[in-house]
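Here the structure comes first, spelled out in structure tokens, and everything after it is commentary.
The values are calculated or read from the model by the stated rules, or taken from the named source; none is laboratory data. Note that the structure is predicted; figures quoted are calculated from it, not measured. Here the Cβ positions follow ideal geometry from the backbone for every residue, glycine too, while neighbour counts run over all protein chains shown. Side chains included, ligands, DNA and RNA excluded: accessible areas come from the protein's heavy atoms. Shrake-Rupley method; radii C 1.70, N 1.55, O 1.52, S 1.80 Å.
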Amino acid sequence: MEVPDHQGSPVGLTASWCRACASVVARLQQTYDTVTQDRHLFRETILSNLHLARPEVPDDEVWVAVTRARLEPLIRSLPDQLDTMVRERGNRLSGGGRQRMTVSRLMLA
């Protein structure tokens, strides 16, 4: 089977090319997850909830993840920041805040 490359000349579909594509798909499947408003947050600190993804992660990586998930402004506005207690199921946070917590946790995994 042949498919045109980006310059219009034919490129043969080889077994090694197919294996490389399968490898990329497998890696994507390992990192794919869904984020719902119902993701469980434990009655613990924000930091403890984020450490569920990877307990040994340093705080600077945690801040990178919460920044990328656009959760940093909310956390910085809290008196105890990462040490703020989250009520059971994250009821202290809005639905969007809970989703961003989940996105942050996924980024740390």
| When segment 49-62 is examined, which residues are found to be open to solvent by 50 Å² or more (accessible area, probe 1.4 Å) and either among the aromatic types (Phe, Trp, Tyr) or assigned to a helix (DSSP H, G or I) (or both)? | Asp59, Asp60, Glu61
| request: Restricting attention to segment 35-48, report how many residues are open to solvent by 70 Å² or more (accessible area, probe 1.4 Å) and modelled with pLDDT under 70. | output: 3
| field | Filter result (open to solvent by 30 Å² or more (accessible area, probe 1.4 Å) and outside any helix (DSSP H, G or I)) within segment 87-109 | value | Arg87, Asn91, Arg92, Ser94, Ala109
| query | Restricting the search to segment 63-86, which residues are under 17 Å from Leu108 (Cα atoms) and open to solvent by 90 Å² or more (accessible area, probe 1.4 Å)? | reply | Arg68, Arg70
| remark: Expected single match for in contact (Cβ under 8 Å) with a residue 40 or more places away in the chain and touching a Lys or Arg at 6+ places or on another chain (Cβ under 8 Å) among Arg54, Arg87, Arg70 is Arg87
